[in-house]
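J.: Below is one structure. I have some questions about it.
The values are calculated or read from the model by the stated rules, or taken from the named source; none is laboratory data. Keep in mind that what you see is a predicted model, and the values were worked out from it rather than measured. Cβ: placed from backbone, ideal geometry, glycine included. Neighbour counts: every protein chain shown.
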Amino acid sequence: MSMTTPPGWYPDPATPTVERWWDGTTWTAHTRQATAPTTAVAALPAPGRGRGRAVALGAGAVVVVAAVVAGVVVIVGGDEEKDPGTAGPTSATTTTSAPTSSSSSSPPDEDPTKVFDQINGITLPVIKGWEKPEFTSGGAPTITTVGEYPCPGATNKQCRHGTVSSLSASGTDAATPEAMAKEDIALAADAFFGDDVFGNWLYGDIQSHKQVAARPAVVAGRTGYLVRWQVTTGKGPGGYVQSLVFPSPTGSESPVVVRFAFDAGADGPPLAAMDEITKGILPIGSATGGGVGSSLTPGS
């Protein structure tokens, strides 16, 4: 009988505390912290090893599958073959069952309610009135307000009333999220309201700014810091920018920077959306923020 494993989250053979997404054919790059034990079927190859090789079982052949992370042992016609690096979800049965309710034929990145930042281990929430843009600057994980309009300073260019992007902190000697946020805010203002990569002044350049917020915030279960500016531009109603810095909830907890830019006009999103999005930033695979600094809340 053919044994196939449906797409879903399964224990990573190389890291027992992590689950990896199996798309029905091969392992993907999507990972999350292990949740509850799962029941999978058939041996799957380890990530990066391809699809493995098929073994034809003749009459009298015996298959022994050891459901251990270290590997599997296959005995075919009396010849033993050990491959400690190819263990995947295994089961001694030939029935197919999805391990968890989160299993689906669609990869995690196709979740319409989230944008995944795999490098930093977080998701950005797609709140009401926002969407995943088809194209992003530099490929950074980004959410934007729905729809475009002619930029105030360049009518042949299209702008968005709100944009939020995440990136890894780099090129800084700042040692704390507070110091990084205070250093990054000017870069965020210039990135959104300055000239673009083609030298177009989409908002007529920044004329002035004033700080309207600077405070600790909890993001994805980690204590971070945010700085918010109101900027006046040469064209258009001006706007608000925010730099939010916090340790990544995974790996070495490297600093993550999330930059916000909102138009200040009547068509711009409300400032409350900055806090709503901040609260909705979660570790990949988690439904709650929780964790270090959870006694603080964004906006406190």
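J.: Which numbered condition trips up THR232, out of (1) of a type in the set (Ser, Thr, Tyr); (2) within 18 Å of VAL164 (Cα to Cα); (3) at pLDDT 95 or above?
T.: (2)
J.: On the given criteria, is VAL115 in contact with a strand residue (DSSP E or B) (Cβ under 7 Å, 6 or more places away or on another chain) and within 19 Å of ALA264 (Cα to Cα)?
T.: No.
J.: Right, something else. Could you please give the count of residues in the range 241-255 that are out of contact with any Gly (no Cβ under 8 Å at 6 or more places or on another chain) and under 30 Å from LEU202 (Cβ atoms)?
T.: Going through the range 241-255 one residue at a time, the tally reaches 4.
J.: Restricting attention to the range 254-285, which residues are of a type outside the set (A, V, I, L, M, F, W, C), in a loop (DSSP other than H, G, I, E, B) and over 19 Å from GLN230 (Cβ atoms)?
T.: Hits for the range 254-285 are SER254, GLY285.
J.: Can you spot a residue in the range 223-236 that is farther than 16 Å from ASP190 by Cα, surrounded by fewer than 20 Cβ atoms within 10 Å (Cβ to Cβ) and among the hydrophobic types (A, V, I, L, M, F, W, C)?
T.: No, every residue in the range 223-236 fails to be farther than 16 Å from ASP190 by Cα, surrounded by fewer than 20 Cβ atoms within 10 Å (Cβ to Cβ) and among the hydrophobic types (A, V, I, L, M, F, W, C).
J.: Looking at (1) surrounded by fewer than 24 Cβ atoms within 10 Å (Cβ to Cβ); (2) in a strand (DSSP E or B); (3) in contact (Cβ under 8 Å) with a residue 24 or more places away in the chain, which is the one condition that is false for LYS210?
T.: Status for LYS210: all satisfied but (3).
J.: Among the residues of the range 229-284, count how many are of a type in the set (A, V, I, L, M) and closer than 13 Å to PHE193 by Cβ.
T.: Residues flagged as of a type in the set (A, V, I, L, M) and closer than 13 Å to PHE193 by Cβ within the range 229-284 amount to 4.
J.: List the number of the failed condition for GLN242; all other conditions in (1) in contact (Cβ under 8 Å) with a residue 40 or more places away in the chain; (2) of a type outside the set (Gly, Ala, Ser); (3) in contact with a Ser or Thr (Cβ under 7 Å, 6 or more places away or on another chain) hold.
T.: Among (1) in contact (Cβ under 8 Å) with a residue 40 or more places away in the chain; (2) of a type outside the set (Gly, Ala, Ser); (3) in contact with a Ser or Thr (Cβ under 7 Å, 6 or more places away or on another chain), the lone unmet condition for GLN242 is (3).
J.: Within the range 154-202, how many residues turn out to be part of a loop (DSSP other than H, G, I, E, B) and farther than 22 Å from GLU134 by Cα?
T.: Total satisfying the criteria: 10.
J.: Evaluate the following for THR223: is it over 13 Å from VAL258 (Cα atoms) and among the hydroxyl-bearing types (Ser, Thr, Tyr)?
T.: yes
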